[in-house]
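The values are calculated or read from the model by the stated rules, or taken from the named source; none is laboratory data. This is a predicted model, so every value here is computed, not measured. As a convention, Cβ positions derive from the backbone with ideal geometry for all residues, glycine included, and neighbour counts pool all protein chains shown. Surface accessibility is based on the protein's heavy atoms, side chains included, excluding ligands, DNA and RNA. Shrake-Rupley method; radii C 1.70, N 1.55, O 1.52, S 1.80 Å.
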Amino acid sequence: MKAHIKTYSHWALSAVLLILCLPQIASAEPVETIINNGSAANRVDIAILGDGYTAADMQKYKTDVQNAMNLFFNNEPFHEYRNFFNVHRIDVVSNQSGADHPERTPALFVDTALDATYNCSGIQRLICVNVGKVFTILGNSVTPAQQDIVLIIVND
């Protein structure tokens, strides 16, 4: 009888752990390496996530990321050291476009994947995102070696 109880308790514990881990597993997003100059072990890897881009906005997001990286690498010292960087675009899809604007009258709130919101810390132009959601997506989408620099691009 005790052996059966132990077996059932192990199964129950496994089921609870699986249920707790499922949200983490489901948070992986598609990743495309848009600049690959070698192993992440000896490169600076930039991971880029977007917020406020719906499924219909994904082409705009890809273009925005490409334009941002072109500007980044066209300036010194990054132009000279471009070959020492890798860039990974993580395709995060939001339910709605834009970002929250709590300072407006009436306040505007949208449903985005990373909860981007202006007026962060009472600074109207400062935009913040939910760091926990960012780290969850990063952890499930790219390796730790591919997260040297994390950039968020907000569609607003």
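With the requirement that a residue be of a type in the set (Ser, Thr, Tyr) and either open to solvent by less than 30 Å² (accessible area, probe 1.4 Å) or in a helix (DSSP H, G or I) (or both), what does the stretch 53-94 give you?
Here is the first cut: in the stretch 53-94, the residues of a type in the set (Ser, Thr, Tyr) are 53-54, 61, 63, 81, 94.
If the condition is that a residue be of a type in the set (Ser, Thr, Tyr) and either open to solvent by less than 30 Å² (accessible area, probe 1.4 Å) or in a helix (DSSP H, G or I) (or both), then Tyr53, Thr54, Tyr61, Thr63, Ser94 are the ones that fit.
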Q | Scope the stretch 53-85; condition under 24 Å from Thr143 (Cα atoms) and touching a Ser or Thr at 6+ places or on another chain (Cβ under 9 Å); matching residues | A | Tyr53
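Taking into account only those residues within the stretch 95-109 that are in contact with a His (Cβ under 9 Å, 6 or more places away or on another chain) and in a loop (DSSP other than H, G, I, E, B), which is least open to solvent (accessible area, probe 1.4 Å)? Spell out the reasoning first.
First, the residues of the stretch 95-109 that are in contact with a His (Cβ under 9 Å, 6 or more places away or on another chain): 107-109.
Filter once more, keeping what is in a loop (DSSP other than H, G, I, E, B): 107, 109.
Numbers: Ala107: 49, Phe109: 128 Å².
The residue in question is Ala107.
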Q. Of the residues in the stretch 110-150, how many are in contact with a His (Cβ under 8 Å, 6 or more places away or on another chain) and among the hydrophobic types (A, V, I, L, M, F, W, C)?
A. 1
Q) Out of (1) in contact with a strand residue (DSSP E or B) (Cβ under 6 Å, 6 or more places away or on another chain); (2) assigned to a helix (DSSP H, G or I); (3) more than 24 Å from Gly98 (Cβ to Cβ), the odd one out for Ala41 is which? A) (1)
Q: Just one of (1) touching a helix residue (DSSP H, G or I) at 6+ places or on another chain (Cβ under 9 Å); (2) within 27 Å of Ile35 (Cβ to Cβ); (3) in a loop (DSSP other than H, G, I, E, B); (4) open to solvent by 50 Å² or more (accessible area, probe 1.4 Å) trips up Ala113, so point out which.
A: (4)
**Q.** Members of the stretch 116-125 found to be touching a strand residue (DSSP E or B) at 6+ places or on another chain (Cβ under 8 Å), of a type in the set (Gly, Ala, Ser) and assigned to a helix (DSSP H, G or I), listed by number
**A.** Ser121
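So, Val131, is that one open to solvent by less than 70 Å² (accessible area, probe 1.4 Å) and among the β-branched types (Val, Ile, Thr) or not? Write out each step before concluding.
Numbers: open to solvent by less than 70 Å² (accessible area, probe 1.4 Å): no; among the β-branched types (Val, Ile, Thr): yes.
So Val131 fails the test.
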